[in-house]
Number of protein chains: 2
Amino acid sequence: MTASFASLQQHISFIIEIDKLKGVLRKNKPVTIERYENSAEHSWQVALLALTMQPFASEPIAIDRVIQLLLVHDIGEIDAGDVIVYAEGNAAEREAEERAAVERIAGLLPAPLSETIVTLWQEFEDRQTPEARYAHAMDRLMPILLNLHRQGQSWRENGVRKEQVLTTSVSKVIAACPDAGLWLQHELERAEQAYYFG
Amino acid sequence: MTASFASLQQHISFIIEIDKLKGVLRKNKPVTIERYENSAEHSWQVALLALTMQPFASEPIAIDRVIQLLLVHDIGEIDAGDVIVYAEGNAAEREAEERAAVERIAGLLPAPLSETIVTLWQEFEDRQTPEARYAHAMDRLMPILLNLHRQGQSWRENGVRKEQVLTTSVSKVIAACPDAGLWLQHELERAEQAYYFG
């Protein structure tokens, strides 16, 4: 096997390993399908949400960087699983667990690509750049949109209250995408009146 | 409702409409999961395949454009369904059907974003740019990789012969990503000996 073939094999090992993200189930169901969504299809949808919501961003963002952040943001779940954003738990422990997973999985790739993937994941996690903040806001917005179109399915199933959604998620949407955040406040009022919450 | 809220509603209608891509089933199964994969999770995986395989591309490509092409390349399947690349049929009719679907779905968005989505889809379909050719090659490579790791599951189920894979898919991988194409020729020999084909 040539050096190039050996390198290629590393790339393919990575792609086959991340195939497992298709099996990591989230708490939301797709709007018209009777099953839980997985983190792979969610990653695709939130990348397109970010692309299309760009006109509403509160500050200039490099959208291609946002998309790359979102494509890799959940791969740590392959080892660590998905946890609803409203769950209690040790956030630092959780982040360390996911970081170890990302290092293991990205480590299947040769350098410098392995480092590129870890850096993307860490940038998303740290929320220090406009791109990471906007990507995070989209990641919070996406399940709310699904819930608004599915009678609050994951809120009801997990006992999530409107105040939690406002504090934990809508606040971040308001910061990164003000119009969407204000619209959400309005929609969540209606959702509460319709008993969409737990 | 303000003008901004009305525009926001259009964006959200688009994102909720493309949620249906999670329900469009392909012919491949994920490597370690006993169900068919859907076109949404496939779109995510092939975008990451493109990102990581970039060092092997045969010509300079704008990888962020490639990723955007791949994120939207299958949304026409929401109306038209998925067809295996080895199926016989009228390609022009099929493309017209998908184009109509993309126009309908992208048309949920306000201009100029609606046109941006249609333009991305058409660029992918036309294969006239280096980005579209590379994206196409990745779209052909991805199901072959899954088959190589799953005893030729979709080849066996659909009666696909090695020669078809070489002619229809590997040729395009060789043009856009030569090392990967040569490696595939070698792997397909082994796959044939192991009875992975239909």
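What the table below lists for this structure:
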| item | result |
| --- | --- |
| Buried solvent-accessible surface, both chains (A, B), 1.4 Å probe, Å² to nearest 100 | 4800 Å² |
| Amide proton proximity set for B:ASN38, modelled H, under 5 Å, gap of 5+ | B:ARG26 |
| Within a Gaussian network of chain B (alpha carbon springs, distance under 10 Å), most fluctuating of B:ALA135, B:ALA50, B:ALA80 | B:ALA80 |
| Charge tally in the Cβ shell below 13 Å around A:LEU141, where Lys, Arg are +1 and Asp, Glu are -1, A:LEU141 excluded | 0 |
| Copies compared at B:GLY198 - label distances in nm, ascending, label defined 7 Å from Cα in the Cβ direction | 4.5 |
| Shielded by partner chains, segment B:41-73 residues - at least 30 Å² of accessible area, 1.4 Å probe, vs chain alone | B:GLU41, B:TRP44, B:GLN45, B:LEU48, B:LEU51, B:THR52, B:MET53, B:PHE56, B:ASP64, B:ILE67, B:GLN68, B:LEU71 |
| Per residue accessible area of segment A:1-137, 1.4 Å probe, in Å² | 38 Å² |
| Bins of 10 Å from zero: percent of alpha-carbon pairs in segment A:3-193 | 9, 34, 37, 15, 4, 1, 0 |
| Solvent-accessible ranking of B:THR167, A:THR52, largest area first, probe 1.4 Å | B:THR167, A:THR52 |
| Segment A:43-90 and segment A:175-198: distance between their alpha carbon centers, rounded to Å | 20 Å |
| Positive minus negative residues near A:ILE63 (Lys, Arg vs Asp, Glu; Cβ under 13 Å) | -2 |
| Estimated Rh, the protein assembly as shown: Kirkwood, alpha-carbon pairs, angstrom | 21.6 Å |
| Carbon plus sulfur fraction of accessible area for the protein assembly as shown, probe 1.4 Å, in percent | 52 percent |
| Relative contact order, percent, chain B [alpha-carbon distance under 8 Å, six or more residues apart] | 23 percent |
| Lysine pairs in chain B with Cα atoms under 26 Å, if 8 or more residues apart or on separate chains | 6 |
| Dipole magnitude of the protein assembly as shown, debye to nearest 20 (Cβ charges: Lys/Arg +1, Asp/Glu -1, about Cα centre) | 580 debye |
| Positive-end extreme of charge dipole, segment A:3-193 - chosen from A:HIS149, A:SER114, A:ASN38 (charges on Cβ) | A:HIS149 |
| Accessible-area ranking of B:VAL85, A:VAL102, largest first, probe 1.4 Å | B:VAL85, A:VAL102 |
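The values are calculated or read from the model by the stated rules, or taken from the named source; none is laboratory data. None of the values given here were measured: they were computed from a predicted structure. Heads up, the Cβs are rebuilt from the backbone with ideal geometry, glycines too, and the neighbour counts pull from every protein chain shown. To get the accessible areas, we keep the full protein, side chains included, count just its heavy atoms, and leave off ligands, DNA and RNA. Shrake-Rupley method; radii C 1.70, N 1.55, O 1.52, S 1.80 Å.
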